[in-house]
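Notes follow the structure.
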Amino acid sequence: MGIKWLLDGHHVYVVSTCKESRAACIMLCHLLLQTVKNQQSAGVSPGQPHLLLYNLAKIKDMEKAVNDLSQAARGGSLYVIADEVSGSRYFRTVCDKLLTQVPHLHLWAASCYHGYAPSGWQVEYLTRPLRSPPVVVREVEQDWSMFKGHVLPYRQRGVPDHTDGPPVRRLYHRGHGHSGDRPGDCVTCGRDVASFLCSLRVGVTGNVTTTATTVTSTKGATTPPCLQWRDVLVLYRDKISADAIYHSGMMKGLKEASIPVRVMKDNDIEDVATARSDVVWVMDGQRVCSLERKVVVCVEDYGTARLYSMSRCTSQLVIVYDSNEPKGN
């Protein structure tokens, strides 16, 4: 819809409603800008995308969002996309107030949680798992959010599964050499993760891996590309600071193995969203809603890790457990 509105000459406002939606909205705005540049090079003058960042858990930001967007309306029309919206009641308030102030409001929003749409708005449920392979989908389905009904369960894919996907690699925080209370605190766990990434030949120039890539061709077999470091995310449990991650044993173990790792801070979100730097980004799993990578390392099966972290994986999933047995299995 964003592209359609741009091609019709409208300004499109991409609205981030919370910290967790920053990366998704930045990526979306980046994709829309690419469309604009392509059209301009072809001699077409489309509309322009605009990125607006709020924290709608705060009433002050809610009032600012209503004011900014109502003033942005042109000729009584406004075009808004909000991805990964929070469940805050203030988002519904923004929508309801804009309806009263903007005669022709065009607003599309998305969330992994259901039941948060403003009353009377058209709702579609998109529950077919199309991006992750079945082996990853089965892990995500065990998240407590689905059991509790906060997130709707997956439906059947509806298209053939050509492969189940690479088997999930399960590592355990136990045995000789392991230290700390959790895998994230453990240097040995970091070394184990590094060893597995190296076994995938990630970042090896001139070599290929078939383990975590899927390449299809209508003209016969093709050679799968090498995995790059930018294809990998290492995601910690929710609500952990960047500083704590930076000084963790996991990071030390990865660095010892010469893995190019960086901890995402607020000013790195655009770099992460666009996969600009060829590095392995490490962060709290809630900070990457909607982003996807071929290889995802989930440090601990904890809380909403399955929903926020494991669902980001499009091929090879790695889980580092803090106990002997996987939770939910």
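The values are calculated or read from the model by the stated rules, or taken from the named source; none is laboratory data. Remember, predicted model here, so these are calculated numbers, not experimental data. Because the Cβ atoms are built from the backbone with ideal geometry, glycine has one as well, and the counts that use them run over all protein chains shown. Calculation scope for accessible area: heavy atoms of the full protein, side chains included, ligands and nucleic acids excluded. Shrake-Rupley method; radii C 1.70, N 1.55, O 1.52, S 1.80 Å.
Worth a mention:
- Where a residue in the range 179-206 is within 15 Å of Val299 (Cα to Cα) and basic (Lys, Arg) and its partner, wherever it lies, is open to solvent by 30 Å² or more (accessible area, probe 1.4 Å) and modelled with pLDDT of 95 or more, with Cβ under 7 Å and at least six apart: Arg191/Glu256; Arg191/Ala257
- Exclusive hit being in a helix (DSSP H, G or I), within 17 Å of the chain's Cα centre (by Cα) and modelled with pLDDT of 90 or more, set Val318, Val272, Val295, Val234: Val272
- Test: residue in the range 283-306 that is open to solvent by 10 Å² or more (accessible area, probe 1.4 Å), among the β-branched types (Val, Ile, Thr), under 22 Å from Leu200 (Cβ atoms) and touching a strand residue (DSSP E or B) at 6+ places or on another chain (Cβ under 9 Å): no
- Pairs, first over 15 Å from Arg262 (Cα atoms) and open to solvent by 10 Å² or more (accessible area, probe 1.4 Å) in the range 227-242, second among the acidic types (Asp, Glu) and in a loop (DSSP other than H, G, I, E, B), C-beta under 8 Å, six or more apart: Arg237/Glu300
- For the range 143-151, the condition holds for no residue, the condition being that it is open to solvent by 30 Å² or more (accessible area, probe 1.4 Å) and among the hydroxyl-bearing types (Ser, Thr, Tyr).
- Here Pro167 fulfils each of the conditions (1) closer than 21 Å to Tyr308 by Cβ; (2) surrounded by fewer than 11 Cβ atoms within 10 Å (Cβ to Cβ); (3) touching a helix residue (DSSP H, G or I) at 6+ places or on another chain (Cβ under 7 Å) apart from (1).
- Leu69 being in a helix (DSSP H, G or I) and open to solvent by less than 20 Å² (accessible area, probe 1.4 Å): yes
- Pair list, Cβ under 9 Å, 6 or more apart: the range 90-106 residue closer than 15 Å to Arg74 by Cα and of a type in the set (S, T, N, Q), other residue open to solvent by less than 90 Å² (accessible area, probe 1.4 Å) and part of a loop (DSSP other than H, G, I, E, B): Gln101/Ala73
- Scope the range 84-97; condition under 20 Å from Leu32 (Cα atoms) and in contact with a Phe, Trp or Tyr (Cβ under 9 Å, 6 or more places away or on another chain); matching residues: Val85
- Residue check for Tyr154: touching a Phe, Trp or Tyr at 6+ places or on another chain (Cβ under 6 Å) and either closer than 27 Å to Val297 by Cα or buried (at least 17 other Cβ atoms within 10 Å of the Cβ) (or both): no
- Top-ranked residue of the range 307-320 - restricted to ones that are touching a Ser or Thr at 6+ places or on another chain (Cβ under 9 Å) and within 10 Å of Leu233 (Cβ to Cβ), ranked as surrounded by the fewest Cβ atoms within 10 Å (Cβ to Cβ): Arg312
- Residues of the range 94-140 that turn out to be surrounded by 14 or more Cβ atoms within 10 Å (Cβ to Cβ) and over 19 Å from the mean Cα position of the chain (by Cα), as a count: 14
- Only residues that are assigned to a loop (DSSP other than H, G, I, E, B) and within 30 Å of Glu84 (Cα to Cα) were counted across the range 148-188, and they come to 21.
- Single residue of Val44, Val36 found to be open to solvent by less than 20 Å² (accessible area, probe 1.4 Å) and either part of a loop (DSSP other than H, G, I, E, B) or of a type outside the set (D, E, K, R) (or both): Val36
- Filter result for Ala72 (touching a residue at least 60 places away in the same chain (Cβ under 8 Å) and touching a Ser or Thr at 6+ places or on another chain (Cβ under 9 Å)): no
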